[in-house]
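S.K.: Have a look at the structure that comes next, please.
Rule-based calculations on the coordinates, nothing more; no lab input. For clarity, every value in this text was computed on a predicted model and none was experimentally measured. Note that each Cβ is placed from the backbone with ideal geometry, even for glycine, and that neighbours are counted across all protein chains shown.
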Amino acid sequence: MANETEERTEQVVHGERGQVLRRQSLLNGAPDGEWTTWDEDGWISERCRFKGGLLDGELLRYDRDGRIEAALCFRAGKLDGEALYYDAGRLQVKILYRNGIQDGEAVIYGADGRPVAGRDW
């Protein structure tokens, strides 16, 4: 059951021209819940989730065409799981993290989608 003194708010940050730049959820003033960020021209540039003031869950970054540029997994503010980086919608790099530290294989992919290099950590 939620603490009776908890205050959940949603804030909207606007740019100089009045456009929405960020919509953020807060709990007692700390980031908690979904955040969405837009660039100056109104394109979604990032979506992520916070829990207790820390990144927690998937963070997605987008290019101007709406394609994912990066998909990062966080747990309690630290990278934890796959970090995927894309170029023009094609997977370029996959790095594994555990508790904020690179762990396992980092793989670089060629234009044909096949791994061209990898390294175990």
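S.K.: Across the range 22-27, in residue order, what do the Karplus-derived ³J(HN,Hα) couplings come to in whole Hz, using 6.51 cos²θ - 1.76 cosθ + 1.60 with θ = phi - 60° and x for Gly and Pro?
M.R.: Values per residue, Gly and Pro as x: 7, 10, 9, 9, 10, 10 Hz.
S.K.: If amide hydrogens are placed 1.01 Å from N in the peptide plane, which non-local residues have theirs closer than 5 Å to the one on GLY104?
M.R.: Placed amide hydrogens put TRP121 under 5 Å from GLY104.
S.K.: Still on this structure: Mind listing the Cα extents of the chain along all three principal axes, in Å, largest one first?
M.R.: Result, largest extent first: 52, 37, 20 Å.
S.K.: On to the next question. For a Förster distance of 22 Å, can you work out the FRET efficiency between the beta-carbons of GLN19 and ARG64, rounded to the nearest 0.05?
M.R.: That gives a FRET efficiency of 0.90.
S.K.: Output wanted: per-residue J couplings in Hz (rounded whole) for the range 28-41, from phi through Karplus 6.51 cos²θ - 1.76 cosθ + 1.60, θ = phi - 60°, x for Gly and Pro.
M.R.: 6, x, 9, x, 6, x, 7, 10, 10, 10, 10, 7, 4, 9
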